[in-house]
């Protein structure tokens, strides 16, 4: 069976029906197991439900979440249909919202934005759409939920579509936006087509998720980017003493045996002698395959260097402009030092200046606040101890992203998207 | 350049590539990793992924089995044969040794299990060998608490997991920085489901212990599950042994792992059975998860696999 894999993210607050929507997708696509259902039935009863299953309970994982009726952290859910395998990054909205949404969006191909048909386009939905666009997710589905509470009104639906579309004009990088009127609670237009909204002739959510184009995250029509993770050089194994292979995961593009390649930041050039995998040699490899390259000439290559085609080279620089989402209580201040990890490369980074702050209400960049606080997103100017090899995030998600790590606590404190060399 | 000319990777190939990437990151960023190998299906897949990540060189880490002493003999026989085939080094950390040295206290009574004691043995072995990263075969689809687990999951110097205070995990960038005495657990199969594991075993034609296939065995029924009877098993009043055709969906301590009635005798039949099942593997076969709503969460916080 060869199915492909689609990763999508949902975000929302406690009340907008996100957990119910996910529960409904799992339940209606028959991905809920009997013992899980029994668990939900018991928990629904304890909470005084009147016989109806509370599908939201399917997604509560931790003890504190069940006790407090909240969702603490990004959780991952898995389901499959005959057409595709799905991974949902389920992001809670009310606490650490930006941090959670950024985390969930960082690996997603599609973003499902929820709107409560009664309450309209709230800040939460706007923020989610904005973060999805910032994180480079090109496909967006706007789920206009709780249509049962507005009498399945086409007029209300169209009003909300118009309102959201007006807002979305300001988003850059979104390729397409699909709107679906639904009631997750009753299962309208999630997996089954709603008979109560015959005026809607677009796809239901699951159909759309089954059809949307994937592999955006490891695009193989982009220039080849192969960050070296690990050098295979067996010391003693008989018959392979001379073996020297460079291992990694192809982040984008394709590589062919015999092609000329360049190694950055050094700039050395040679040809690909062989593309090795455990299952045999390949003539050609494409993203996101993990593989091992053998090269014609002995170049001294180590972890953190990047192999590409000479005519499609990425940027190499020690000073960069980047958008940072700040993820910790301690403020990001100018001249702070962090460890930066980008592809397979680590270095020391100094933040020279915080240049602006993105206002997620207005989507405008406002004047330099001097510092970034928890859940803030802003543009910074960075310097690194060794050159980084990268593409702007908008053209390559894998080579344009980085994390910042606090040198003392070792915690991940920031998520970065490179805008340009400075 | 045409996109359509290059087909999508199948979901199994995509999951495989992601797991290999994770394993190489850990090998590169940690001083002393170890791979936890139980002889169960998930760790069997981990071994194949390690071959794919590091051959033709030897693995850059040893394998370790936390041995409760209550194993299925077929699994131990398989474990030793597989390790010998691979030519890799196996460390056996024994729960019996932890009991003998007074580090762990044996539970008593008919429901006694060494499941919980494994945590002591595991953490002691990690400290003794100075391991700073331990690969495990856990998957997020297995259990509620595991759905919240990171691929690379931090453990403090007491070996504890703090689910409310985890490091955010973005893109495929893993933060492997720790202080001395701390370690990480690494779960390359985080995004795999039970069905993926079986489809992969089928695709790779991996050998698995025979208890995964339908076989006749002397069992007894307790709490709605079929347990293997072995020498020394204490039965509770009203329980009796009988012969049944069963197979196992998980391989754990014999004292807390139940079998399922099944006639699936080949890999293909197992894949079909799993694709059609309506019960999760841990719900069907693991008494250790049934203790309370948050049984797994509590054990994980204390340092369990």
>> Quick check on the protein assembly as shown: helices-only [θ] at 222 nm, where DSSP H runs of length 4 and up contribute -39,500 (n - 2.57) each and the sum goes over total residues. Nearest 500, please.
In response: -7000 deg cm²/dmol
> When the label point is put 7 Å from the Cα of residue B:207 along its Cα-to-beta-carbon vector, which residues of the stretch B:57-89 have a backbone N closer than 15 Å?
Replying inline: B:74-88
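I'd like the mean, over residues of B:140-151, of how many other protein chain beta carbons sit within 10 Å of each residue's own Cβ.
Details: counts 6, 7, 0, 1, 11, 3, 3, 11, 9, 4, 2, 1.
Across the residues of B:140-151, the mean count of other-chain Cβ atoms within 10 Å is 5.
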> Which of rounded, prolate, oblate describes chain B, given a ≥ b ≥ c as roots of the alpha-carbon gyration tensor eigenvalues and a/c under 1.5 marking rounded, otherwise prolate only if a/b is larger than b/c?
Replying inline: oblate
>> If I fit a long axis through the Cα atoms of helix A:34-46 and take the longest principal axis of the Cα atoms of chain A, what angle between them do I get, 0 to 90°, rounded to 10?
In response: 50
>> Taking beta carbons within 10 Å but only from partner chains, what does the mean come to for residues B:21-28?
In response: 6
> Taking Cα pairs under 8 Å and at least six residues apart, what relative contact order does the stretch A:315-421 come out at, in percent?
Replying inline: 39
> Angle between the Cα long axis of helix A:123-134 and the longest principal axis of chain A, 0 to 90 degrees, nearest 10?
Replying inline: 20
> Across peptide A:291-304, what mean number of C-beta atoms from other chains lies inside 10 Å of a residue's C-beta?
Replying inline: 1
> In degrees, nearest 10, range 0 to 90: what is the angle between the Cα axis of helix A:18-28 and the longest Cα principal axis of chain A?
Replying inline: 90
> Among rounded, prolate and oblate, which fits chain A when a ≥ b ≥ c are the square roots of the eigenvalues of its C-alpha gyration tensor, a/c under 1.5 means rounded, and a/b larger than b/c means prolate?
Replying inline: prolate
> So, by mean Cβ neighbours within 10 angstrom, what's the order for A:337-349, A:375-387 with the highest one leading?
Replying inline: A:337-349, A:375-387
> Using the Cα gyration tensor of the protein assembly as shown, with a ≥ b ≥ c the square roots of its eigenvalues, what is the shape: rounded (a/c below 1.5), prolate (a/b larger than b/c) or oblate (neither)?
Replying inline: oblate
> Going by average Cβ neighbours within 10 Å, how do the peptides A:296-306, A:105-115 rank, with the highest at the top?
Replying inline: A:105-115, A:296-306
>> What's the ranking of A:311-322, B:190-201 by average number of surrounding C-beta atoms within 10 Å, highest first?
In response: B:190-201, A:311-322
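Laboratory data are not the source of any read-out in this text; all were calculated from the coordinates shown. Not measured: the values here are computed from a predicted model. All Cβ positions, glycine included, derive from the backbone under ideal geometry; neighbour counts span all protein chains shown.
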